[in-house]
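I have placed the structure first, in the form of structure tokens, so that the comments after it can refer back to it.
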Amino acid sequence: MMKDKLFNFLPHILVASILSMSLLGCAKYDQSFKTTPVNELTIDAGATIFTAVQFDPFKIPVSIRATQPDKAKYRYIWKAIADDSVYVLSHEQNLDIKMELPPKRYNLQFTAIDEDNGLEHSKLFTLVVTGVFSEGWLVSHNIGTNGRLTFVRMDNKMFENPAEEVNNMKFPGKAMAAFSAEIPSYSEYASIHYFTESGVYRFDPVGFLLTGTTNNVFTNQTVFSNPAYGANLTRTDQYYVNNGDVHAGMGSFTPDQISMPFSEGFGGDYYLFPVVINSAQLGTFFYDNKYKRFLNLPYLDRQLVPAVGSSKDLFNMADVGKTMIAADKGRGSSSTAVFYFIMEDNSGRYIYGLNADKPSLFQKIDPTKCPEINQATAFATSGVLQQMYYAVDNKIYLYNIVANSAELLYSFPNATKIRDIKMKRSTSKTLAVATWANSAGQFHTFDINDLGTFVGNSPSKTLNGFGEIVHISIK
């Protein structure tokens with residue numbers, strides 16, 4: 001009987017339990033959830049790519065905008081990150097340091113850290129650190145009988161005598177010229193060759209440390225006269241034209257061979273104009289002023305041969321019949337280039353062009369439209385436009401090759417004589433000019449606009465303190 005009553009009561013118990021659970025599920029608990037907005041930061045340094053010179057002061061001012069100003073305090077950290085290293089540069093908001101990083105490309109990270117909650121806000125920049133002696137001009141000049149090699153950096157900072165100061169030694173002889181090897185893939189292994197009447201000196205391009213003298217650079221003692229440096233387009237050979245002959249590098253452009261000496265002169269029945277014509281990928285041209293013809297040096301070969309010519313071309317490379325007095329590179333790439341040449345004979349001056357291994361231009365320069373062209377002594381070609389700059393006494397002209405006419409761009413005072421001009425080939429926006437007046441040399445740079453004419457009515461920069469400048473080249 002008791003058992004039956006229990007079973008009769010169970011459904012009531014079950015209903016009551018379900019009802020209680022339902023009521024509990026609907027119960028409301030008083031809870032307060034507080035949310036705090038994140039203080040977002042906008043970091044601005046005015047640029048994303050920065051260039052610094054090793055050992056020079058370096059600053060990056062940073063502006064920070066917060067969504068909740070005055071709500072937090074921050075600490076800061078600047079890091080330079082390379083492939084294998086991390087350098088902590090500063091703990092200040094604005095970077096203001098002496099740049100002591102090795103020359104290299106870095107990721108530059110700025111981080112602001114919220115001291116209350118530890119949240120980090122970072123921004124990444126690119127930092128390129130160049131050496132003290134980065135891109136610039138090598139200026140060879142003479143003060144009396146003493147030669148000097150001066151370096152003018154592209155920011156116009158002048159180092160009067162870096163080789164002697166770094167090495168604490170003299171390099172005797174009157175200066176003739178200086179050249180920097182053109183080695184994009186192994187620029188850190190390149191060399192500066194400084195020629196004097198007493199010999200040649202080889203320097204490391206990063207710090208001007210002496211790495212060799214004449215006996216290290218050439219296989220035998222050589223008399224130097226009108227040297228000219230160049231490399232073929234494939235960067236497998238480098239050459240010097242010297243005293244009418246050609247010398248070839250004995251090694252390749254790999255780090256373990258770049259400092260091997262140059263060969264003896266090839267020897268041959270020719271007298272080469274001082275230029276290495278690297279216009280074609282599988283061969284390098286030279287010009288023989290003795291027999292008035294182009295010569296070819298095939299890829300990795302060591303014997304000059306007459307260039308293949310045809311009477312059907314604009315001119316016959318094997319029989320030009322004129323004396324070369326100037327040469328310079330125009331437009332170029334890694335596989336081909338255009339070269340321009342000033343030639344002359346008894347009837348006047350001509351301009352010739354070579355595109356890769358094919359004649360591309362031949363015209364007589366019109367002296368009635370090109371003032372004083374027959375007296376010009378220095379030439380420099382644009383790498384962008386079909387234009388050539390030429391200098392006569394104290395004047396600089398711009399020659400429009402297509403129009404076969406020239407215009408006067410600038411005149412120095414009458415007593416000033418122009419000694420050399422060179423184009424900054426990477427941009428064709430800067431022309432360097434060396435002058436001599438009143439027993440003093442000056443180095444000038446002119447800015448060039450998109451039309452090829454000068455910006456403003458005067459040099460953008462003039463530097464003093466030179467002797468008689470005999471040669472300018474770019475590093």
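A few notes on this one:
- Residues (under 28 Å from the mean Cα position of the chain (by Cα) and either hydrophobic (A, V, I, L, M, F, W, C) or not in a strand (DSSP E or B) (or both)) located in region 413-422: Ile418, Ile421
- Condition check for Thr222: buried (at least 18 other Cβ atoms within 10 Å of the Cβ) and either modelled with pLDDT under 85 or out of contact with any strand residue (DSSP E or B) (no Cβ under 7 Å at 6 or more places or on another chain) (or both): yes
- Candidate set: region 195-219, residues that are crowded, with 18+ Cβ neighbours inside 10 Å and among the hydroxyl-bearing types (Ser, Thr, Tyr); chosen: the one farthest from Val470 (Cα to Cα): Thr214
Condition check ((1) surrounded by fewer than 20 Cβ atoms within 10 Å (Cβ to Cβ); (2) in contact with a Ser or Thr (Cβ under 6 Å, 6 or more places away or on another chain)) across all residues:
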residue: Thr435; (1), (2): no, yes
residue: Ile448; (1), (2): no, no
residue: Ser460; (1), (2): yes, yes
residue: Gly465; (1), (2): yes, no
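- Every residue from region 59-83 that is hydroxyl-bearing (Ser, Thr, Tyr), under 17 Å from Ile97 (Cβ atoms) and part of a loop (DSSP other than H, G, I, E, B): none
- Within region 441-475, being under 17 Å from Val384 (Cβ atoms), of a type outside the set (D, E, K, R) and assigned to a loop (DSSP other than H, G, I, E, B) holds for Asn449, Leu451, Gly452, Thr453, Val455.
- Screening the candidates Lys329, Lys395, Lys369, Lys364 for the property of being under 30 Å from Arg235 (Cα atoms) and basic (Lys, Arg) yields one hit, Lys329.
- Every test in (1) surrounded by 14 or more Cβ atoms within 10 Å (Cβ to Cβ); (2) free of Cβ contacts under 8 Å to residues at least 40 places away in the same chain is passed by Gln303 save one, and that test is (1).
- Any chance Leu233 is at pLDDT below 95 and farther than 30 Å from Arg331 by Cα: no
- Considering region 434-475, and only residues there that are charged (D, E, K, R) and modelled with pLDDT of 95 or more, the residue that is nearest to Tyr399 (Cα to Cα) turns out to be Asp450.
- Here Ala82 passes the criteria (1) surrounded by fewer than 11 Cβ atoms within 10 Å (Cβ to Cβ); (2) within 24 Å of Glu135 (Cβ to Cβ) except the one numbered (1).
- Of the set (1) in the same structural domain as Leu119 (by TED's automatic domain parsing); (2) of a type in the set (A, V, I, L, M, F, W, C); (3) modelled with pLDDT under 80, all apply to Val53 but (3).
- Entirely in region 317-412, the strands (runs of 3 or more DSSP E) that have 3 or more residues that are touching a residue at least 12 places away in the same chain (Cβ under 8 Å) and buried (at least 20 other Cβ atoms within 10 Å of the Cβ): 323-332, 337-345, 348-355, 378-381, 387-392, 395-400
- Scan region 61-105 for residues that are of a type in the set (A, V, I, L, M, F, W, C), without any contact (Cβ under 8 Å) to a residue 40 or more places away in the chain and in contact with a Ser or Thr (Cβ under 9 Å, 6 or more places away or on another chain) and the total you get is 3.
The values are calculated or read from the model by the stated rules, or taken from the named source; none is laboratory data. Since the structure is predicted, the reported quantities are computational estimates derived from the model, not experimental observations. Reconstructed Cβ throughout: ideal geometry from the backbone, glycine too, with neighbour counts over all protein chains shown.
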